[in-house]
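Written out below as structure tokens is the structure these notes cover.
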Amino acid sequence: MKKLILFASLALIFVSCSNNNPESDGSENFVAITDVVPDVILEIRYYSTYNFVGARVDGYEQPIALITKQSADSLKVVSDELKEKGYRMKIWDSYRPQRAVNHFIRWAEDLQDTTMKHIFYPMVDKSLLFEQQYIMARSGHSRGSTVDLTLVDEQTGKELDMGSPFDWFGDESHPDFMDLTEEQIANRHILWDAMFAHGFKGIDSEWWHFTLKDEPFPDTYFDFPVRELK
């Protein structure tokens with residue numbers, strides 16, 4: 001455990017820019033999702049205090065969602081398809097600067113801070129968050145082509161029941177978790193089928209997490225803050 005925490009604390013992320021301009025932070029490769037997909041609903045959790053940390057996370061300076069241009073274009077196709085079926089996408093997170101990941105690491109190392117345990121990780125001992133990989137030194141979000149989202153029923157205005165909340169640290173969040181109702185399983189598949197059909201892939205621990213398969217910066221971890229692009 002100590003080795004894992006030490007590695008996470010000392011992790012140095014090299015941020016490169018596609019145009020090789022040392023004065024660039026790479027943000028010119030990104031867009032605000034709402035500029036490309038105006039129908040999405042935003043609930044940027046890490047800008048708020050309603051998240052597993054219990055505070056606004058470093059690097060989230062405005063409640064907006066940024067993503068690479070290529071990913072935004074693919075999300076537009078997904079959104080258009082889902083709208084025809086009566087759903088809208090609700091986004092909790094997309095691009096995440098490395099400084100936010102570092103904030104998660106510091107929070108996880110502070111074993112005394114369990115303010116939000118009863119909401120997000122009641123069944124997991126905080127000392128095991130690194131070992132069980134709920135917290136890691138790097139996140140695909142920092143590469144700019146990953147998004148966390150769910151679906152909202154346009155008729156009712158309510159989120160679909162997916163069987164677990166966003167950022168739930170537990171087996172219920174796993175895509176292969178089957179102790180769900182038929183409705184919950186069907187709802188997950190509505191989201192997955194649309195995302196997978198248009199160039200995104202998932203991970204085995206979070207039903208809400210998707211990354212563009214052909215992400216343009218697979219080895220780059222950006223660190224510019226989440227705020228309106230210039």
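Restricting to Cα atoms and excluding each atom paired with itself, what does the Kirkwood estimate give for region 142-230 in Å?
That comes to 14.5 Å for region 142-230.
Give a residue-ordered list of calculated ³J(HN,Hα) values for region 199-211 (Karplus: 6.51 cos²θ - 1.76 cosθ + 1.60, θ = phi - 60°; whole Hz; x for Gly, Pro).
Working through the residues one at a time gives x, 9, 10, x, 10, 8, 10, 9, 5, 8, 9, 9, 10 Hz.
Figure the gain on full extension for Asp193 and Glu61 (residue separation times 0.36 nm, minus the Cα-Cα span) and round it to one decimal in nm.
Extra length available between Asp193 and Glu61 comes to 44.2 nm.
Output ³J(HN,Hα) for region 158-164: one whole-Hz value per residue in order, computed from phi by the Karplus curve 6.51 cos²θ - 1.76 cosθ + 1.60 with θ = phi - 60°, and x for Gly and Pro.
9, 5, 5, 6, 9, x, 7
If each of Ile203 and Glu182 carries a label point 7 Å out from its Cα toward its Cβ, how far apart are those two points in nm?
For the pair Ile203/Glu182, the computed spacing is 3.3 nm.
Pull out the extension gain between Asp125 and Arg106, defined as 0.36 nm times the separation in residues minus the alpha carbon to alpha carbon distance; nm, one decimal.
Stretched out fully, the Asp125 to Arg106 stretch lengthens by 5.2 nm.
Which part of region 114-139 falls in the paramagnetic zone of Thr49, meaning amide N under 18 Å from the point 7 Å along Cα-to-beta-carbon?
114-120, by backbone N distance to the label point.
With θ set to phi - 60° and the Karplus curve 6.51 cos²θ - 1.76 cosθ + 1.60, what are the ³J(HN,Hα) couplings of region 133-146 in order, to the nearest whole Hz, using x for Gly and Pro?
3J(HN,Hα) across region 133-146, in whole Hz: 6, 6, 10, 9, 6, 10, 10, x, 4, 6, 7, x, 10, 10.
Among Val147, Val124, Val101, what is the fewest-to-most ranking by other Cβ atoms within 10 Å?
Fewest-to-most ranking of Val147, Val124, Val101: Val124, Val101, Val147.
No lab work stands behind these numbers, since they all come straight from the coordinates. All values reported here derive from a predicted model rather than from experimental measurement. Methodologically, a virtual Cβ is constructed for each residue, glycine included, from the backbone with ideal geometry; neighbour enumeration extends over all protein chains shown.
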